[in-house]
Amino acid sequence: MTVPLQAASHLTGSNLSLGYGKRTVSRNLNVAIPDGGFTAIIGPNGCGKSTLLRALSRLLAPSSGQVFLDGKDIHNCPARDVAKRLGLLPQSAVAPTGINVTDLVSRGRYPHQTLLRQWSRADAEAVNRAMQATSIVDLAARSVDELSGGQRQRVWVAMALAQETPLLLLDEPTTFLDITHQIDLMDLFQDLNRNDGRTLIAVLHDLNQACRYASHLIAMREGRIIAEGAPNDIITTELVERVFDLSAMIIEDPISGTPLVVPRRRSGSTLK
């Protein structure tokens, strides 16, 4: 899915304190997303992964600190300008009632529309590329309401791809997908990064997928960044135990050569 993109965007967060109402999730976070890389944010449930992604995407205003896009405070930038540089797949997206698949994917082109520039052939081609890449062409006329969870997820991914931004933020993009579609999407994301030069940031629950596909990991626990770097540099038995409270062996993935985490049995687990 090779498309001409604008120059890579630079995304950083400085001294971020994040939360919801009176509940603080993270304090004094500093993060610099590597340009042209594929960053995966990992950690246990409730550690602040999605909160950090929401802040980086402009969905959540920090209680203190700043997020910078291309050197400018992202909250001081016009929304349309941000949408041309940064695409987002949120965790719990809700489609308008009755909208069909093609119309929803087409909404990814709205940032490119103006009073002087309406729907064009380039827009139609972008939508078609996104639908082809996510294997939803056969769903084009279907109502989003009647799709399965996995099908809807692929439609939302297609909408984000149709936006054709140099930065793409993905919050749990493989949710609801079977293993085949998970691998298809992760392969697609890796191609977008390596072949198209897009910068990707994804919240991922599957640690082994994060190690295989991402070039940079941010490991979080209890609202703090515990470690960050390339998978081969930071994934150790000690880190996995510290971040996930999980005893595991680390071996080499025979396909990718990246770390493969093999959990040991948790004899003290209270789950039945």
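D for the stretch 84-225, whole µm²/s, Stokes-Einstein with Kirkwood Rh over alpha-carbon pairs at 10 °C and 1.306 mPa s: what number?
Stokes-Einstein gives a translational diffusion coefficient of 101 µm²/s.
In the stretch 34-86, carbon and sulfur make up what percent of the accessible area (probe 1.4 Å)?
Carbon and sulfur atoms account for 47 percent of the accessible area of the stretch 34-86.
What whole number of Å gives the distance from the Cα centroid of the stretch 151-172 to the Cα centroid of the stretch 70-136?
9 Å
What whole-number distance in Å separates the alpha-carbon centres of the stretch 174-250 and the stretch 37-54?
If we compute the Cα centre of each part, the gap is 10 Å.
Quick one: 3J(HN,Hα) in Hz for the stretch 207-224, Karplus 6.51/-1.76/1.60 with θ = phi - 60°, rounded, Gly and Pro as x.
5, 6, 5, 4, 5, 6, 9, 8, 9, 9, 10, 10, 9, 10, 8, 6, x, 10
Skipping prolines and chain starts, which residues have an amide H placed within reach, meaning under 5 Å, of the one on LEU170, given they are 5 or more residues away or on another chain?
Amide H neighbours of LEU170, under 5 Å, 5+ apart: LEU89, ILE201, ALA202, VAL203.
Loop-only trypsin sites (Lys or Arg not before Pro) in the stretch 67-165, please: DSSP not H, G, I, E or B, and at most 13 other Cβ atoms within 10 Å.
Those satisfying the criteria are ARG117.
Once a ≥ b ≥ c are taken as the square roots of the eigenvalues of the Cα gyration tensor of the stretch 153-196, is the result rounded (a/c under 1.5), prolate (a/b larger than b/c) or oblate (a/b not larger than b/c)?
oblate
Helix 149-162 versus the longest principal axis of the chain: what is the Cα-based angle in degrees, 0 to 90, to the nearest 10?
60 degrees
Under a 1.4 Å probe, what is the accessible area of the chain per residue, stated in Å²?
Counting only protein heavy atoms, the per-residue value for the chain is 49 Å².
I need the phi-derived Karplus couplings for the stretch 43-56: 6.51 cos²θ - 1.76 cosθ + 1.60, θ = phi - 60°, integer Hz, Gly and Pro marked x.
For the stretch 43-56, the Karplus-derived couplings read x, x, 4, x, 8, x, 4, 5, 4, 4, 5, 4, 5, 5 Hz, x marking Gly and Pro.
Normalising by the residue count of the chain, find the relative contact order in percent from Cα pairs under 8 Å and 6+ residues apart.
That works out to 25 percent.
For the pair ARG80/SER148, report the inter-label distance in nm, with labels modelled 7 Å from Cα in the Cβ direction.
4.0 nm
What residues of the stretch 55-70 lie in the reach of a label at SER17, counting those whose backbone N is under 14 Å from a point 7 Å from the Cα along Cα→Cβ?
Under 14 Å, as judged by backbone N against the label point of SER17, lie 62-66 of the stretch 55-70.
SER247 to ALA230: extension gain in nm, 0.36 nm per residue of separation minus the Cα-Cα distance?
So the chain would gain 4.0 nm between SER247 and ALA230.
Any idea what % of Cα-Cα pairs in the stretch 81-154 are farther than 15 Å?
Value for the stretch 81-154: 58 percent of Cα pairs lie more than 15 Å apart.
Between ASN28 and ARG266, what FRET efficiency follows from the Cβ-Cβ distance if R0 is 30 Å, with the result rounded to 0.05?
0.40
Counting pairs of alpha carbon atoms under 8 Å apart in space and at least six apart in sequence, what relative contact order in percent does the stretch 162-272 give?
Taking the mean separation of contacting Cα pairs over the length of the stretch 162-272, I get 18 percent.
Of all the accessible heavy-atom surface of the stretch 186-252, with the other protein chains kept in place and a 1.4 Å probe, what percent is carbon and sulfur?
Ligands and nucleic acids excluded, carbon and sulfur give 41 percent.
Can you return the aspartates and glutamates within cross-link range of LYS84? Criterion is Cα-Cα under 15 Å, with same-chain partners fewer than 8 residues away left out.
ASP70, ASP123, GLU164
The values are calculated or read from the model by the stated rules, or taken from the named source; none is laboratory data. Values in this document were obtained by computation on a predicted structure and should not be read as measured data. Don't worry about glycine lacking a Cβ; one is built from the backbone with ideal geometry, like all the others, and counts go over all protein chains shown. Ligands, DNA and RNA are stripped out before the accessible areas are found, and what is left, the full protein with its side chains, is counted by its heavy atoms. Shrake-Rupley method; radii C 1.70, N 1.55, O 1.52, S 1.80 Å.
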